[in-house]
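The values are calculated or read from the model by the stated rules, or taken from the named source; none is laboratory data. This one's a predicted model, so the numbers in the text were calculated from it and none came from an experiment. Note that each Cβ is placed from the backbone with ideal geometry, even for glycine, and that neighbours are counted across all protein chains shown.
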Amino acid sequence: MDVNEIIDRARDSITVKRVYGEAIQQGGITVIPAALVAGGGGGGGGEGPALQQAAVEGEAVKGSGSGSGFGLRARPAGAFVIREGNVSWVPAVDVNRIIRGAQLLAGTAILLFGLHRLLSARHPARLLRALEAELAHS
């Protein structure tokens, strides 16, 4: 399979059908699912070794090469809901993203609280007592 064939297949795989799913109809309501789709690809090629290398080694120039790759990522974005002629957008909830955000927020709050507590010790003796207390509890 050559690079141009891979690129043609990649182009064919990124279509509107990857973004919008088949419409689902039930009880006068139509739902059209949607996704965020991103893709990319690349390719390469080659021939024999560099002329300087072949001349130094005194061997016949041989070689060949080729390479290509493609990646596609899709995740749910939400759905269009059509009810009685009115269209509304219902976003998909990514629970993992919410949990990651909460963890980042909690970690930042803990770090800032500890830093505030450390910097609020105005006297060196008070700072030493605070550090000794922390070490004693560890």
Residue within region 63-70 that is touching a strand residue (DSSP E or B) at 6+ places or on another chain (Cβ under 7 Å), farther than 30 Å from Q26 by Cα and among the aromatic types (F, W, Y) present: yes
Meets criteria (at pLDDT 80 or above and exposed (fewer than 10 other Cβ atoms within 10 Å of the Cβ)) for A125: no
So G114, is it surrounded by fewer than 10 Cβ atoms within 10 Å (Cβ to Cβ), farther than 24 Å from L36 by Cα and modelled with pLDDT of 80 or more: no
R83 being more than 30 Å from G39 (Cβ to Cβ), in contact with a strand residue (DSSP E or B) (Cβ under 9 Å, 6 or more places away or on another chain) and in the same structural domain as Q25 (by TED's automatic domain parsing): yes
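Yes/no matrix, rows are residues, columns are (1) part of a helix (DSSP H, G or I); (2) modelled with pLDDT under 85; (3) among the aromatic types (F, W, Y):
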{"site": "N4", "(1), (2), (3)": "yes, yes, no"}
{"site": "D12", "(1), (2), (3)": "yes, yes, no"}
{"site": "Q52", "(1), (2), (3)": "yes, yes, no"}
{"site": "G67", "(1), (2), (3)": "no, yes, no"}
{"site": "W89", "(1), (2), (3)": "no, no, yes"}
